1. Applying 1/(1 + (r/R0)^6) with R0 = 45 Å to the Cβ-Cβ distance of A:Arg20 and B:Lys224, what FRET efficiency is obtained, to the nearest 0.05?
2. Between copies, how far does the label point of B:Ala137 sit from its twins, in nm, shortest first, when each point is 7 Å from Cα along Cα→Cβ?
3. What is the P(r) of segment B:6-60, as percent of Cα-Cα pairs per 10 Å bin from 0?
4. Would you please state the base-10 log of I(q)/I(0) at q = 0.17 1/Å for segment B:252-314, with intensities from the Debye formula using one equal scatterer on every alpha carbon?
5. Using a 7 Å offset from Cα along the direction of the beta-carbon, what are the separations from B:Arg193 to the same position in each other copy, nm, ascending?
6. Over the alpha-carbon set of the protein assembly as shown, divide Rg by the Kirkwood Rh and report the Rg/Rh ratio to two decimals.
7. Give, to the nearest whole percent, the P(r) tail of segment A:163-257 beyond 17 angstrom, counting all Cα pairs.
8. Mind pulling the angle between the C-alpha long axis of helix B:181-190 and the longest principal axis of chain B? Nearest 10 degrees, somewhere in 0 to 90.
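The values are calculated or read from the model by the stated rules, or taken from the named source; none is laboratory data. Please read these numbers as outputs of a predicted model, since none were measured by experiment. Every residue, glycine among them, receives a Cβ derived from its backbone with ideal geometry; neighbour counts consider all protein chains shown. Calculation scope for accessible area: heavy atoms of the full protein, side chains included, ligands and nucleic acids excluded. Shrake-Rupley method; radii C 1.70, N 1.55, O 1.52, S 1.80 Å.
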2 protein chains.
Amino acid sequence: MRYRQIDVQGAAERIAPYVRRTPVLHSASLDRLAGATLHLKAENLQRTGSFKPRGAFNAMLQMAPDDLTRGVVSVSSGNHAQAVALAARELGSRAVIVVPEDANPVKIAAARDLGAEIVTGGVTQENRERFVRELMAERGLPLIHPFDDDRVIAGQATIGLELLEDVDQPDVLLVPIGGGGLLAGVSAAVRDRWTTTRIIAVEPSGADDFHRSRQEGSRVRLDKAPTTICDGVRSLEVGERNWSILQETVDDSVVIEDTAVLETMELIWTRLRTVVEPSGALATAALLSGAVRADTAVAILSGGNVDLNAWAAQSRTTRRT
Amino acid sequence: MRYRQIDVQGAAERIAPYVRRTPVLHSASLDRLAGATLHLKAENLQRTGSFKPRGAFNAMLQMAPDDLTRGVVSVSSGNHAQAVALAARELGSRAVIVVPEDANPVKIAAARDLGAEIVTGGVTQENRERFVRELMAERGLPLIHPFDDDRVIAGQATIGLELLEDVDQPDVLLVPIGGGGLLAGVSAAVRDRWTTTRIIAVEPSGADDFHRSRQEGSRVRLDKAPTTICDGVRSLEVGERNWSILQETVDDSVVIEDTAVLETMELIWTRLRTVVEPSGALATAALLSGAVRADTAVAILSGGNVDLNAWAAQSRTTRRT
């Protein structure tokens, strides 16, 4: 099985000095609303506010020292950009990051503050891969892909190792999916231990390529830019390496409307008093919206870099009055 | 000295089974903005989302069992209501709570969910004391005052004990003040150990009775209802017992504008990724707004029960565009 080749243990040892071991949060009041016992892995409290440093550090720590010093290129709508910028700063490297023009400005400002060079002019979800290839050729720098890289997948998988230590086997494990780095990693780490757990991919309806891929039995690529408030999962398709793992490890996928994501995000803010971004609320929304039913669930709060201006505007237009 | 009569150690032992030992949070990014090393005591993560259960449990655990069973009366704009409701439920009592009509609806709903009887019709900040006296006489029930009670002060003081264990003596200790229960308690607990620390009361400009009381040397009572988004500190005057302690323990007081509170609240949400209410951001705002300068500071995040609807509306009107 392909997923067993992911070196989770090696990644855990490699990145331990650089990342936080995040807590699993619980709220009796959310449990009542969900009708389930709900354990939430708080990667919003990870360094830079998302799980992404796990993968970025694990990839960059495996580069040859000379290559690392010259720098790396990456592409990100935000959270991976901050992670690569942080790893570059702490490992003596330089980061050049291609960012789509519709990216979350809060995330981009944070990556720039960490010292990354941001390339954004004319970049869209559709053409960004070409921009990256040109930049790599021009500068002679390697790519730290946001998800389609076994080193990155192994880094994100360390979340699964921590979950195995911190919670009992749940009925369902809910993980948000964009490119599939987080889900491929976490599912690879827990699949052989949580044998009866249903592992469920959670996607916003405006970026449902993985759900459709599972229905068709092969990778579907969206033919237009995703439309969703979940800016952390706006990829056009899952990665090739990710897809090969996900076919082995994932039991199901569900699609959630943005309105349900927004409601769940606000419930997590007010009941758990922890700040998650829309993508960070996505997995929990699967349970709170009723799309998934279970007695015990683990959901990953994947990030907490929220644009409050955008939220206040969004809240005005979509809020039930 | 009056403050040394507060039985902090007894309170700590009494309430330990019922309250959380809250963490002290830190953010490098907030430190940079503040130009100081800032330790934030996260009472927003206390049960019911504020420090209030410490005082409510400590008071009610000292009642005679028969009296406790008959029930208690209290008065609160929100957080103390939830605390008394929780203590009543867990200690086999009943809570009847008088609530001003302008109270935070989120907090009141939470108190009702915990089983409290809420009396609100016609109650204002100005006349609520009369309502309470009538209710006590009518039902024959004792009062659990939100702040003017040594048992309540001792309960809140347990925060100070935890701070003595968790942080080194800071240059300044910043505590929000409404009726003065939190500040009287915390300052009583730390005063003899943190001898060089400046203990500073932080008040919103729309409810500056303590600041004016210090200037005049005697308790000032506001002659109209406070106008501030900080709904946790909308008292007309500090308590008599509180005033007697605060005169001995407090070094200074500062007054903060609501706009600075709102900005700080949003910074805490986005940088620390923890949800505080306006009153919960008040103490930190003293440092971030520049009203207080220090190299090391401890501030208390007193609560996290925010009304998102009110915030979104507020944010629209006061936000710098």
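1. Working: r = 48 Å, r/R0 = 1.06.
Approximately 0.40, to the nearest 0.05.
2. 9.0
3. 22, 39, 24, 15, 0
4. Evaluating at q = 0.17 Å⁻¹ gives log10 I(q)/I(0) of -0.54.
5. Counterpart label points of B:Arg193 in the remaining copies fall at 3.8 nm.
6. Details: Rg = 26.0 Å, Rh = 25.8 Å.
Reported Rg/Rh (Cα atoms, Kirkwood Rh): 1.01.
7. Details: 2007 of 4465 pairs.
Above the 17 Å cut-off, segment A:163-257 has 45 percent of its Cα pairs.
8. Rounded to the nearest ten degrees, it is 60.
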